[in-house]
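> Mind having a look at this structure? Questions to follow.
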There are 6 protein chains.
Amino acid sequence: MNIICVVAHPDDMEILCGGTLARYAQSGHTVTIAVFTDGSMGDAVIKPAELKGIREKEAHAAAGIIGAKVIWGDIVDEHVFPDAAQRLRMIDILREADPDVIFTHSPNDYHPDHRYVGQLVFDAYFQKGLPHIPGQQKPACRFGQAQVYYMDNLGGIGFSPTEYVNITETFEIKKQMLSCHKSQFEAMKDLADTNLLDMIEVQARFRGMAAGCRYAEGFTRLDAFQRGLTSRILP
Amino acid sequence: MNIICVVAHPDDMEILCGGTLARYAQSGHTVTIAVFTDGSMGDAVIKPAELKGIREKEAHAAAGIIGAKVIWGDIVDEHVFPDAAQRLRMIDILREADPDVIFTHSPNDYHPDHRYVGQLVFDAYFQKGLPHIPGQQKPACRFGQAQVYYMDNLGGIGFSPTEYVNITETFEIKKQMLSCHKSQFEAMKDLADTNLLDMIEVQARFRGMAAGCRYAEGFTRLDAFQRGLTSRILP
Amino acid sequence: MNIICVVAHPDDMEILCGGTLARYAQSGHTVTIAVFTDGSMGDAVIKPAELKGIREKEAHAAAGIIGAKVIWGDIVDEHVFPDAAQRLRMIDILREADPDVIFTHSPNDYHPDHRYVGQLVFDAYFQKGLPHIPGQQKPACRFGQAQVYYMDNLGGIGFSPTEYVNITETFEIKKQMLSCHKSQFEAMKDLADTNLLDMIEVQARFRGMAAGCRYAEGFTRLDAFQRGLTSRILP
Amino acid sequence: MNIICVVAHPDDMEILCGGTLARYAQSGHTVTIAVFTDGSMGDAVIKPAELKGIREKEAHAAAGIIGAKVIWGDIVDEHVFPDAAQRLRMIDILREADPDVIFTHSPNDYHPDHRYVGQLVFDAYFQKGLPHIPGQQKPACRFGQAQVYYMDNLGGIGFSPTEYVNITETFEIKKQMLSCHKSQFEAMKDLADTNLLDMIEVQARFRGMAAGCRYAEGFTRLDAFQRGLTSRILP
Amino acid sequence: MNIICVVAHPDDMEILCGGTLARYAQSGHTVTIAVFTDGSMGDAVIKPAELKGIREKEAHAAAGIIGAKVIWGDIVDEHVFPDAAQRLRMIDILREADPDVIFTHSPNDYHPDHRYVGQLVFDAYFQKGLPHIPGQQKPACRFGQAQVYYMDNLGGIGFSPTEYVNITETFEIKKQMLSCHKSQFEAMKDLADTNLLDMIEVQARFRGMAAGCRYAEGFTRLDAFQRGLTSRILP
Amino acid sequence: MNIICVVAHPDDMEILCGGTLARYAQSGHTVTIAVFTDGSMGDAVIKPAELKGIREKEAHAAAGIIGAKVIWGDIVDEHVFPDAAQRLRMIDILREADPDVIFTHSPNDYHPDHRYVGQLVFDAYFQKGLPHIPGQQKPACRFGQAQVYYMDNLGGIGFSPTEYVNITETFEIKKQMLSCHKSQFEAMKDLADTNLLDMIEVQARFRGMAAGCRYAEGFTRLDAFQRGLTSRILP
């Protein structure tokens, strides 16, 4: 299968979906990570022009660990809007991956870039298969596939997972991937007094307790017309 | 009364609201069907420039069966956005009909055009009665009327009707109207393996079972300030 | 039509449903008020044995104003439970009224007697039409009728009405009915620092603001199989 | 695996879960059908003492088609209560099946017996594995298993399935099983003007439309501590 | 503390939050009122160019009563959109106040300007503390503060307060502030048959009944990552 | 203030509310812990008659650490029902504490004893102040107090806290209290493969992440008539 995880910023995938993607990769599926923005605003000191390059390198390093492809959306950080231009970009991203499974941010996330990336994915997933939409760089891909799963959020605010993936076997890989984002360890410490590795340890353990395993990642499924069968495609 | 049904594409009205509009028409009310987009992207083979003309004719043919007026919104298919320009267009559409009752798509529909048409209706229904909004083609209409009802969606995903209209007497008319959309029978077969007449038969029977009649269409009401009295105006 | 309002205590009907019942009565419908408990615990000083008689008289006086019949359930106040014995009692109450419309307390009401009366009504409304249930005093009534509406609660805690009845014309009658419950004016003052007439004035005005009239009472409808058609039977 | 479906009345399983159980049976799993009441009140003419025997035979005939075992709960029809005695009965039923998967009625079902059977299952599923509960006829079974799924209801009132099982291949078997309940075809016609085979055709087609297949049955999952992993055990 | 109330139109603050802001002001906190639009469309007769000036004066007069600062957003009335330009404006407004507490409109409000002001506040509150966002007029303020509270709406449509502020002591001040908006008394009478002082009397009394005091204003809290502690900062 | 925590089993308080009660105790409030059942079924090997005594001693030891009083409900473990007899018991428990704040289990907890204890508290809290209820051992206490808070559940299944108490300073005390329940460490290991100290570490850290502190306990508030003011009484 083709798996795509569409996130707003470099490190969002590693925090919210890394163990699950590692399991797909281990099973031989094709994994694509689409980072929609350039992450250039995510530091209180380093200037955007410089930070952007750093974060793109970090994203590629992390993806390399599981052999995933990176699509770099290159939208300016903190500037995601569900408008016509970004819709075109999102449709092309999905077309490039031709996905069977899509992971993205959930609607009530605290960060506006997260919320609007999720909205753009929901808007684009139907249109990726229509051949006549003008302005697209990529040809239409399959119409009917693409189960959409929403990822957990930090602290699980208002989020009750209905799907839990057991990531006990891949939790170390998740940590390695996250560790590639060196620039964010300092930034999260300064801005939010948060240790990133500690944070994912607590969240994966908590979701694991609910699921019945040591480490888990939680998701909800976007219910949609003709996408409902129980033959789950989560690992 | 003045009834308007605002849908995204030709055939949406017939599928989700046709039996109800037929009942209004039979009772002598004035029925308007606003098709917001040109439906030009709805086929995998026929080109938009050609398809657009076909679908406009099909929409008029269907509306003609119940003597309804058609407003052709002419927004490019798959390009509905709740922005300033389309808001102006929607306000004028509502002003032209001066409605007592509005039907439109519900917020969690699977299609982005459906969701944003519903959002534009909610945004515009308050402003249709304000006389000084710049850029409008039509004069302000009545301020205080306009009950808004959301229509069902395909497969009833996440939709629990709170209102059911008995369409047993008009179900044949609903089928005739839908049958005017010849171009879509092929397209839905190709894209979604769906027979349209079969689909509305099943959906109307299912809603009828819940309602206590043979065929029904389901709706929810948009609760709003000063729009709450029980003197229902649904047929 | 036959209308029944099933409440836990004398004065509940007047506070939550009085204006609506007055409208039914004015239209010539048959109105029955079922008071499930004897109201005997509702005072900090007067003993239950004495209070019970006072409250039954007050209930009859209030019902008399709109020509309604009273069914006195005679369950001990503060002792409503959804058990087998009280289920039998409730089924007989409904059979006696053979209702087209039932009003009762909503599930999240603050008072346990209110919650369990509502639960007993939901449990009993299906069984009132089954002829072979042992232990019933009354013969089975019609099976298929009986729309159930839940009444508002004090302060509208967690209650969003979906139906509003305009009681502007009957609000004075509602006040007269409530005024018959002299024993409760003192009790509510002592226990909850509340003036009853003032309380219903505020609540009916607030619901009226939402509805678009001066005074209103709010309700929700219990959705149920084959009870869904839009031909509302509320006044 | 051990599969159990706990329903209130004979024919509930066939209507709401028959195609799914047939799939389990075809895959070689052990299927148990627990009918909690004797179904004795389900006719307007035939007396309970007689009807009870008829319905037990019908239930066994239906179960025989898929080689399922029947547990006959023998609680008097229309008399399900979540009390201590019926709790003991439900715990023993679950212990007898030692289930990996449990199907039962959902909380907002229209019928009180359905609601309370579902409540008893939720109450009992934790206690089936505790060895010291007094009064049990059966020894404790495994503690940790037992995923609970709630079944759809008639007309899908307030029910949004999150799981859909494709029953296209077993729909004929579902119809055969339901056809064994001859006594109910007449009763449902009289009481609710409903043709049972027609009803399941419409409901399974509607759920199939949402799921993306011809016939489906819909379910929700009872989320519970340590029961969350995505390795679905639905067919 | 720094308190800001961001509303769409002059008089929204007075109606929905005035008593609460008066309490903050009395306690010595710094109160800012941001009126996002110019209110120029809010009359059926007076032209926008003239009305705008009138309403700005009224807003300053009302704010003056409690010594609050006014930020005049100057977006054209009825033209609020959650786009890039208005996002920049909203970020600067929040930066100017550097708030500990933010009040704004709730998501399901009946007026589109209200809904989109609330959305812009949710979008902007994270970004007010990021120093490198281009195009801002104001320097970044504190990153971590800013509890967000949603205000009630007219008639309480679909709004269940989880926080109630006792405004019994400041209700007279709330009335005085609202009385400064002379232009709106006529407009609301004409358009919606509503007396503004009467409206706030009923709404504050109703919320007070629920809360357990004479007059109250109701709110809900926007749950967000790292903003959860119970040490409430409401008066 | 008088604080009471009503739980089903010994150790429930320590797991779900211990850090919060420790804070109350440190502030000089009077803390009561009501253990409704005897916990006698909570082991796969030790017999109920023996286990009961062990667990009562463990409960007193834990309570002693914060100087809290224990009320031993003595209902047989796994036998909580919201019936008349247990209602009387619960009313007396509340009367004995005369509480300003009540903590108890939330409605969707996985354990039936938990759910029914929560229901009994909700049923009893109104009646504790009524002087004439027959069969009570204790005199009526204050009528109007008693804010009710629901506690979190294991794994946070379907539970979104709206209140978070910072227990960073009392987390060690919470661990000491839980450590008194030696009998349960073995039992939870056997039955659910769970280390209790590890479990509360993960849950308190996760809730702390959401709240913005190191360790937190999460709650929701039961909204009720005249119990709404924002002057929170949580520590």
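The values are calculated or read from the model by the stated rules, or taken from the named source; none is laboratory data. In this text, all values refer to a predicted model and were calculated from it rather than measured experimentally. Cβ coordinates were reconstructed from backbone atoms using ideal geometry, including for glycine residues, and neighbour counts include every protein chain displayed.
> Residue under question is C:GLY42, and the condition is that it be under 24 Å from F:PRO131 (Cα atoms) and under 15 Å from the mean Cα position of the chain (by Cα); does it hold?
Values: under 24 Å from F:PRO131 (Cα atoms): yes; under 15 Å from the mean Cα position of the chain (by Cα): no.
Here the answer is no, as C:GLY42 does not meet what is asked.
> Can you tell me which residue in region C:172-201 is farthest from C:ARG23 (Cα to Cα), limited to those that are at pLDDT 90 or above and within 14 Å of chain E (Cβ to nearest Cβ)?
Taking region C:172-201 and keeping what is at pLDDT 90 or above, we get C:172-184, C:195-201.
Filter once more, keeping what is within 14 Å of chain E (Cβ to nearest Cβ): C:195-201.
Details: C:ASN195: 25, C:LEU196: 21, C:LEU197: 19, C:ASP198: 21, C:MET199: 21, C:ILE200: 17, C:GLU201: 18 Å.
Ranking the qualifying residues of region C:172-201, first place goes to C:ASN195.
> Within region C:1-36, track down each residue that is surrounded by fewer than 24 Cβ atoms within 10 Å (Cβ to Cβ), more than 11 Å from C:VAL101 (Cα to Cα) and without any contact (Cβ under 8 Å) to a residue 60 or more places away in the chain.
Listed by number, the residues that qualify are C:ALA25, C:GLY28.
> For E:GLN176, which of the numbered conditions (1) free of Cβ contacts under 8 Å to residues at least 60 places away in the same chain; (2) over 21 Å from E:VAL117 (Cβ atoms); (3) not acidic (Asp, Glu) fails to hold?
Only one criterion in (1) free of Cβ contacts under 8 Å to residues at least 60 places away in the same chain; (2) over 21 Å from E:VAL117 (Cβ atoms); (3) not acidic (Asp, Glu) is unmet by E:GLN176, namely (1).
> Could you pull out the residue among C:ALA84, C:ALA97, C:ALA61 that is in contact with a strand residue (DSSP E or B) (Cβ under 7 Å, 6 or more places away or on another chain) and among the small types (Gly, Ala, Ser)?
Numbers: C:ALA84 fails: in contact with a strand residue (DSSP E or B) (Cβ under 7 Å, 6 or more places away or on another chain); C:ALA61 fails: in contact with a strand residue (DSSP E or B) (Cβ under 7 Å, 6 or more places away or on another chain).
The unique qualifying residue is C:ALA97.
> So F:VAL165 passes all but one of these: (1) more than 18 Å from F:LEU21 (Cβ to Cβ); (2) at pLDDT 90 or above. Which condition number does it fail?
For F:VAL165, the failing item is (1).
> Which residue out of D:GLU50, D:GLU58 is in contact with a Pro (Cβ under 8 Å, 6 or more places away or on another chain) and charged (D, E, K, R)?
Values: D:GLU50 fails: in contact with a Pro (Cβ under 8 Å, 6 or more places away or on another chain).
That would be D:GLU58, the only listed residue that is in contact with a Pro (Cβ under 8 Å, 6 or more places away or on another chain) and charged (D, E, K, R).
> Could you tell me whether any residue of region B:89-98 is more than 28 Å from B:GLY135 (Cβ to Cβ) and among the aliphatic types (A, V, I, L, M)? Spell out the reasoning first.
Our first condition is that a residue be more than 28 Å from B:GLY135 (Cβ to Cβ); within region B:89-98, this holds for none.
For region B:89-98, residues more than 28 Å from B:GLY135 (Cβ to Cβ) and among the aliphatic types (A, V, I, L, M): absent.
> Here's a follow-up. Kindly check whether there is at least one residue in region D:106-115 that is on the phi > 0 side of the Ramachandran plot and either of a type in the set (S, T, N, Q) or in contact (Cβ under 8 Å) with a residue 12 or more places away in the chain (or both).
Initially, region D:106-115 is screened for residues on the phi > 0 side of the Ramachandran plot, giving none.
No, there is no match, as no residue in region D:106-115 is on the phi > 0 side of the Ramachandran plot and either of a type in the set (S, T, N, Q) or in contact (Cβ under 8 Å) with a residue 12 or more places away in the chain (or both).
> Residues being closer than 16 Å to A:GLY42 by Cβ and either of a type in the set (A, V, I, L, M) or part of a loop (DSSP other than H, G, I, E, B) (or both): count how many of those fall in region A:170-192. Reasoning before the result, please.
As a first pass, look at region A:170-192 and keep what is closer than 16 Å to A:GLY42 by Cβ: A:178, A:180-192.
Then drop every residue that is not either of a type in the set (A, V, I, L, M) or part of a loop (DSSP other than H, G, I, E, B) (or both), which leaves A:178, A:180-181, A:187-188, A:191-192.
Of the residues in that region, 7 qualify.
> Identify all residues within region A:208-231 that are buried (at least 24 other Cβ atoms within 10 Å of the Cβ), assigned to a strand (DSSP E or B) and either within 12 Å of chain F (Cβ to nearest Cβ) or modelled with pLDDT under 90 (or both); write none if there are none.
Within region A:208-231, A:ALA216, A:GLY218 qualify.
> In region C:153-169, what residues are touching a helix residue (DSSP H, G or I) at 6+ places or on another chain (Cβ under 8 Å), assigned to a loop (DSSP other than H, G, I, E, B) and of a type in the set (Val, Ile, Thr)?
Matches in region C:153-169: C:ILE157, C:ILE167, C:THR168.
> Among the numbered criteria (1) at pLDDT 95 or above; (2) away from chain A (no Cβ under 11 Å), which one does F:ALA204 miss?
Only one criterion in (1) at pLDDT 95 or above; (2) away from chain A (no Cβ under 11 Å) is unmet by F:ALA204, namely (2).
> Another question, if that's okay. Could you please give the count of residues in region E:160-173 that are out of contact with any Phe, Trp or Tyr (no Cβ under 6 Å at 6 or more places or on another chain) and surrounded by fewer than 23 Cβ atoms within 10 Å (Cβ to Cβ)?
Residues meeting the conditions: 5.
> From the list E:GLY135, E:GLY39, E:GLY118, E:GLY67, pick out the single residue that is at positive phi, in contact with an Asp or Glu (Cβ under 8 Å, 6 or more places away or on another chain) and touching a residue at least 12 places away in the same chain (Cβ under 8 Å).
Working: E:GLY135 fails: in contact with an Asp or Glu (Cβ under 8 Å, 6 or more places away or on another chain); E:GLY118 fails: at positive phi; E:GLY67 fails: in contact with an Asp or Glu (Cβ under 8 Å, 6 or more places away or on another chain).
One residue alone meets the criteria, E:GLY39.
> May I ask you to verify whether E:GLN176 is surrounded by fewer than 19 Cβ atoms within 10 Å (Cβ to Cβ), under 21 Å from E:VAL7 (Cβ atoms) and touching a strand residue (DSSP E or B) at 6+ places or on another chain (Cβ under 9 Å)? Let's see the steps before the verdict.
Values: surrounded by fewer than 19 Cβ atoms within 10 Å (Cβ to Cβ): yes; under 21 Å from E:VAL7 (Cβ atoms): yes; touching a strand residue (DSSP E or B) at 6+ places or on another chain (Cβ under 9 Å): no.
Judged against the criteria, E:GLN176 is not a match.
> Being buried (at least 17 other Cβ atoms within 10 Å of the Cβ) and not aliphatic (A, V, I, L, M) is the filter here, so list the residues in region B:179-200 that pass it.
Residues satisfying the conditions are B:CYS180, B:HIS181, B:SER183, B:GLN184, B:THR194.
> Hey, does region C:109-120 have a residue that's closer than 19 Å to C:ILE91 by Cβ and surrounded by fewer than 18 Cβ atoms within 10 Å (Cβ to Cβ)?
No, region C:109-120 contains no residue that is closer than 19 Å to C:ILE91 by Cβ and surrounded by fewer than 18 Cβ atoms within 10 Å (Cβ to Cβ).
> Testing C:ALA85 on (1) in contact (Cβ under 8 Å) with a residue 24 or more places away in the chain; (2) over 15 Å from the mean Cα position of the chain (by Cα), one condition comes back false. Which one is that?
Of everything listed in (1) in contact (Cβ under 8 Å) with a residue 24 or more places away in the chain; (2) over 15 Å from the mean Cα position of the chain (by Cα), C:ALA85 misses just condition (1).
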